[in-house]
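Below is one structure, written out as structure tokens, with a few remarks after it.
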Amino acid sequence: MIGEAAIDGRVRTGENARPVEQGTASSPPLSDDDITLAGFQKIYDDLGDAPPVIDFVRNDDDNPDAHTVAKHGHQVPLRREPGVQTIEGRIYKDFGWGNRATQSFRWDSDKVMSDEVNAYIHQNWNAIRSDLAMDGEHRAEYHAGHRVGEGFFNGGLDGGGPREAVYMEASRVRIQISVSDSDPPHAFVVTAFPVGLLR
């Protein structure tokens, strides 16, 4: 529960307190802070106690901002090829990439991607749920303890010189989760990908 109990726009400050209706003769209208808190609480409650299980194909298809599979899925070719969008090519802003990247990684497999992200969500759902209710998003980076992907970082003079894609395996994961504008809202993964360097 986030702060005071707030249900359907009514706020209670104690276990035995009666719900206070907005603008009744016996009480003043709810303050802006109370209304905001009630909104946070509704999102928190609507997200539910049970963590969602992410199906990445459906997640990315149903949420326009989501792009884990397209940019970091195992199906993205690793090495540079002319006219092909590749993981290495992202360092150089090759075909298919809008910008050059400091690092570019893909998951080892769809199974690794699904297992790793869903395990993280399951283990951290309480914190994720609170962040989504209060801030609309949850961001994290963590060490998986094992290899999860591969890719490249720009080794050219720490990013200041000519671009040089350096291959490395990855055991860290960066994840961003957001909450939908739908009613009821749902959590979705904007992006989740292996990373090789701390930023």
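The values are calculated or read from the model by the stated rules, or taken from the named source; none is laboratory data. No experiment lies behind these values; they were computed from the predicted model shown. Don't worry about glycine lacking a Cβ; one is built from the backbone with ideal geometry, like all the others, and counts go over all protein chains shown.
List the number of the failed condition for V166; all other conditions in (1) of a type in the set (A, V, I, L, M); (2) assigned to a strand (DSSP E or B); (3) within 25 Å of P64 (Cβ to Cβ) hold.
Condition (3) is where V166 drops out.
Kindly indicate whether H122 is surrounded by fewer than 18 Cβ atoms within 10 Å (Cβ to Cβ) and in contact (Cβ under 8 Å) with a residue 60 or more places away in the chain.
Values: surrounded by fewer than 18 Cβ atoms within 10 Å (Cβ to Cβ): yes; in contact (Cβ under 8 Å) with a residue 60 or more places away in the chain: yes.
So H122 passes the test.
Please state which one of A127, A133 is over 18 Å from T68 (Cα atoms), touching a residue at least 40 places away in the same chain (Cβ under 8 Å) and among the aliphatic types (A, V, I, L, M).
Numbers: A127 fails: touching a residue at least 40 places away in the same chain (Cβ under 8 Å).
None of the others qualify; the one that does is A133.
Filter the stretch 136-164 down to the residues that are of a type in the set (G, A, S) and in contact (Cβ under 8 Å) with a residue 24 or more places away in the chain and list them by number.
The first filter runs over the stretch 136-164 and keeps only residues of a type in the set (G, A, S), leaving 136, 140, 144-145, 149, 151, 155-156, 159-161.
Across the stretch 136-164, the qualifying residues are G136, A140, A144, G145, G149, G151, G159.
Please enumerate the residues belonging to the stretch 52-98 that are in contact with a strand residue (DSSP E or B) (Cβ under 7 Å, 6 or more places away or on another chain), over 17 Å from N154 (Cα atoms) and part of a loop (DSSP other than H, G, I, E, B).
P52, I54, N63, D65, A66, H67, G73, H74, V76, P77, F95
Inspect all residues belonging to the stretch 92-113 and state whether any of them is under 15 Å from the mean Cα position of the chain (by Cα) and not charged (D, E, K, R). Even if it seems obvious, please write down each step before you answer.
Within the stretch 92-113, the subset under 15 Å from the mean Cα position of the chain (by Cα) is 113.
Filter once more, keeping what is not charged (D, E, K, R): 113.
Yes.
State which residue is surrounded by the fewest Cβ atoms within 10 Å (Cβ to Cβ) when the search covers only the stretch 129-144 and only residues that are touching a Leu at 6+ places or on another chain (Cβ under 9 Å) and assigned to a helix (DSSP H, G or I). Let's see the steps before the verdict.
We begin by selecting, within the stretch 129-144, every residue touching a Leu at 6+ places or on another chain (Cβ under 9 Å); these are 129, 132-133, 138, 141.
Okay, now just the ones that are also assigned to a helix (DSSP H, G or I), so 129, 132-133.
Details: R129: 23, L132: 23, A133: 20.
Selected residue: A133.
Does A101 qualify as being of a type in the set (A, V, I, L, M, F, W, C) and either assigned to a loop (DSSP other than H, G, I, E, B) or surrounded by 18 or more Cβ atoms within 10 Å (Cβ to Cβ) (or both)?
Details: of a type in the set (A, V, I, L, M, F, W, C): yes; either assigned to a loop (DSSP other than H, G, I, E, B) or surrounded by 18 or more Cβ atoms within 10 Å (Cβ to Cβ) (or both): yes.
Answer is yes for this residue.
Being touching a residue at least 60 places away in the same chain (Cβ under 8 Å), touching a Phe, Trp or Tyr at 6+ places or on another chain (Cβ under 8 Å) and on the phi < 0 side of the Ramachandran plot: is that true of R100 here?
Details: touching a residue at least 60 places away in the same chain (Cβ under 8 Å): yes; touching a Phe, Trp or Tyr at 6+ places or on another chain (Cβ under 8 Å): yes; on the phi < 0 side of the Ramachandran plot: yes.
Answer is yes for this residue.
Only one residue in R199, R90, R139 is among the basic types (K, R) and modelled with pLDDT under 95. Which one?
On the way: R90 fails: modelled with pLDDT under 95; R139 fails: modelled with pLDDT under 95.
Exactly one of R199, R90, R139 is among the basic types (K, R) and modelled with pLDDT under 95, namely R199.
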